[in-house]
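Reviewing the structure listed below.
What follows draws every value from the coordinates through simple rules; no lab data is involved. Just so you know, these numbers come straight off a predicted model, no measurement behind them. When we count neighbours, we look across all protein chains shown, and the Cβ atoms used for this are built from the backbone with ideal geometry, even at glycine.
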Amino acid sequence: MRAKVLVLSAIGLSVLGLPLAGCGSSEEVAQEAKAPSGPRLVLQASDTADWQDVSAEIATVDQAQVMARIPGILTSLSVHEGDMVRKGQAIGRIVDSQLGPQAAAAQAQMAQAQSELKRVKFLHDNGVYADARLEQAQAAAAASRAQYAAATAVAGQGAVVAPA
């Protein structure tokens, strides 16, 4: 059995070795090196500029950027291109569509808190409610007045003024 394996291995190696036998030869093939045709280029070292990316912002001296305090839609613009403006001059108005309903809701809450305070005060004066309930209603009325004042103050920030 071992002899068969050795014989088969020898046959397999000889079969695999046949294609490789034709690759080599003892004779050298002489080839002449030909120079390529065409113009001749000469390379030499030279100094070049080292360009690098940088970020920058260009601004003019006689123009300024205007930013609004609230988001919204520019509804009016009182200046035109080339007009001279002075610092603090109102040049436009921005309106936020959300501010109107927010101010109206704050006003309604304030009115409700005021009427609740009036009712609690009447009942407190007649001995129905304790002092703690009256203080609670007074605090709610004060908070609703502050909310309404804040909502109207934010709506007033829609004015666009010239920065310079």
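How long are the three semi-axes of the equivalent ellipsoid of the range 63-164, in whole Å, if each is the root of 5 times an eigenvalue of the C-alpha gyration tensor, listed from largest down?
On the way: eigenvalues 401, 27, 14 Å².
Ellipsoid semi-axes (Å, largest first): 45, 12, 8.
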Spacing of the two label points (7 Å from each Cα toward its C-beta) at A49 and A105, in nm: 5.8 nm
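Determine, from the Cβ-Cβ distance of S97 and Q136 and an R0 of 41 Å, the FRET efficiency 1/(1 + (r/R0)^6), rounded to the nearest 0.05. Before the final figure, lay out each step's value.
On the way: r = 35 Å, r/R0 = 0.85.
That gives a FRET efficiency of 0.75.
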Those GluC sites (Glu not before Pro) in the range 67-164 that DSSP places in a loop and that have at most 14 other beta carbons within 10 Å: E81
Solvent-free Debye scattering, log10 I(q)/I(0), computed from the Cα coordinates of the range 70-122 at q = 0.25 Å⁻¹: -0.95
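Just to verify a number: FRET efficiency for Q65 and A143, C-beta to C-beta distance, R0 = 35 Å, to 0.05?
Numbers: r = 38 Å, r/R0 = 1.08.
Using R0 = 35 Å, I get an efficiency of 0.40.
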Length released on extending from L74 to A90, taking residue separation times 0.36 nm less the Cα-Cα span: 4.5 nm
